[in-house]
Structures are given as C-alpha cells and as structure tokens.
Amino acid sequence: MNLTARAGVVFIILVSCSVGRSQQYLSGSEIPDMTRVLPPAPVSGDARDTRDRDIFRATRSLQGSPRWMLAQSDVDWHTPALMKSFSCALGVAPDPAKTPRLAALLTEVSTESNAIVNRVKDIYKRQRPFHVDEGPICAPAEGFDYPSGHSTIGFATGLILTELEPDRATELLARGRAFGESRVVCGVHNASAVEAGRVEAAAFVAALHGSPAFRRDIEAARNELDAFRKGSAPKPQACDIESGLTASSPY
C-alpha cells in the first residue's frame, strides 16, 4: 500500500471515530448492476477503442502543462484531497475538521462507489492505455481501466455537492467532469472509461436517494455546510486559474 492509500485509511478511521461511520447506504438488490447499465467496455480494434487510442496519443502533448499539473493534484481521491479539489467550485474551503459530517458522507459514498467500480473492472479487465501505447503518465496506476473509479467518485461528489449547494451547480458539475478528465490527461484511463464513470456516478447517486441513511446524512451535511458558509469559512485560492483550466474538455 502506498503512502497516499495509507493516509486515506488513517483518515477514514479518524472520521469513523469522530462522527460515527455511516451505515452502508446500499446493499443487495439496491446496488445497481452496472454491467447492465453501462455499455460494454471497448474491445481492441472497434471504433471506441480507436478513439480512445487517438485521444491517449494526442493528450501526451499536455505533459508539463498547467492542465497536467492539475491532473496530478487530482490523483488523490481521498476525502481531504477531494474536498480541496472541489473548494473553488464550492466557493469555500471545507475540511474534515470543520465539516466532519460532510467528510463522513463523502467517505462512505467513495467507499461504496469504489466497490461497485471494482466489480465491473474485474469483469471487463480492460488494460489501461499506457499498457497499449507508449507515452508519459503523470502518476503510477494499478488495476484495470473500465470504468474509471476517479471519474465515478469525482462526478458523484459534484452531484452531491450540487444538491447541498444548488447555487453553485454549474461550477460543481463542471469540476466533477474535469476531475474525471484529469485521468485522461494523466494517461492512466481511456476517455471511454471516464465517460462510463460519469454514467455510473449518476446511476449510483440516484440509487442512494432510496436509502434512509443517505437521506439522513445528506440533510445533516447540508445543515453543517450552510452554517460553515455563513460563518468565517476560509476562501479557496487560485480559483481563476482552475476555472480557466476546467472550462472545457482537454480532448
């Protein structure tokens, strides 16, 4: 386990102890079967695979650019980093110490979405793009390509934060899209995997609303975030730069 993963495990333990880990939101038939929701993964030589390979090769030219550096900062999907990634879009800079209920909500959502993603990855076992074509990547990556867990978590976070603060909907949803696209910029996921992650996120969040525990936790997070925004919440930095980098797709 690398240092980032260890830090994420430590954080989850700390949040669980401080506010009480939410009960699992979805179980059994409540969990959407994503193999029936998503299109099958592209296969070698088909039109989607050709597009993926073209995009991977074209985006290698982004190495060292400001968008590449943003993609590097988006590698860490654990809750403290995720909150920081969405702070410009949210207009305030939450953190686990000051908004623990929001942190616990996002942690549980990430945990459950990651489990769903991994089940689909294990079925299709599609290789990541840098195993097929040569080119620089911005961070190490293990496991399979389709669908992208980062894209799923990122877009699910954007959807949930939009529900909490609808006046920031455009910024939050655009950041959720860009968080997934960072994986294409990094060269560690294909574009089709990122697109599948957004579909998976939408299906997952829709299913979450059937969970009484999720509805309870999202209401608690809403109240907490509203109070945080009305108080002396710190403002995020360098937001004009980020906005320019995420305004449109990099491919």
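Brief remarks on what is shown
- Selection from the stretch 136-171 of residues that are in contact (Cβ under 8 Å) with a residue 40 or more places away in the chain and aliphatic (A, V, I, L, M): Ile137, Ala139, Ala141, Ile153, Ala156, Leu159, Ile160, Leu161, Leu164
- Inter-residue pairs, beta-carbon under 9 Å, first farther than 22 Å from Ile123 by Cα and in the stretch 42-59, second among the β-branched types (Val, Ile, Thr) and surrounded by 15 or more Cβ atoms within 10 Å (Cβ to Cβ), 6+ apart: Ile55/Val184; Phe56/Val132; Phe56/Val184; Thr59/Val184; Thr59/Val185
- Some residue of the stretch 47-61 being modelled with pLDDT of 95 or more, not in a helix (DSSP H, G or I) and not small (Gly, Ala, Ser): no
- Residue in the stretch 183-204 that is under 24 Å from Ser73 (Cα atoms) and hydroxyl-bearing (Ser, Thr, Tyr) present: yes
- Across the stretch 99-114, a minimum of one residue is classified as within 26 Å of Arg222 (Cβ to Cβ), assigned to a loop (DSSP other than H, G, I, E, B) and more than 15 Å from the chain's Cα centre (by Cα).
- Output for the stretch 19-37, where each listed residue is at pLDDT 95 or above and farther than 13 Å from Pro212 by Cβ: Gly28, Ser29, Ile31, Pro32, Asp33, Met34, Thr35, Arg36, Val37
- When residues in the stretch 227-251 are screened for being assigned to a helix (DSSP H, G or I) and in contact (Cβ under 8 Å) with a residue 40 or more places away in the chain, 8 of them pass.
- Contact map, the stretch 118-129: residues that are surrounded by fewer than 19 Cβ atoms within 10 Å (Cβ to Cβ) paired with residues that are of a type in the set (Asp, Glu), Cβ distance under 7 Å, separation 6+ or inter-chain. Pairs shown: Gln127/Asp145.
The values are calculated or read from the model by the stated rules, or taken from the named source; none is laboratory data. Predicted model only: the values in this text are computed from it and were never measured. All Cβ positions, even for glycine, are placed from backbone atoms using ideal geometry, and neighbour counts span all protein chains on display.
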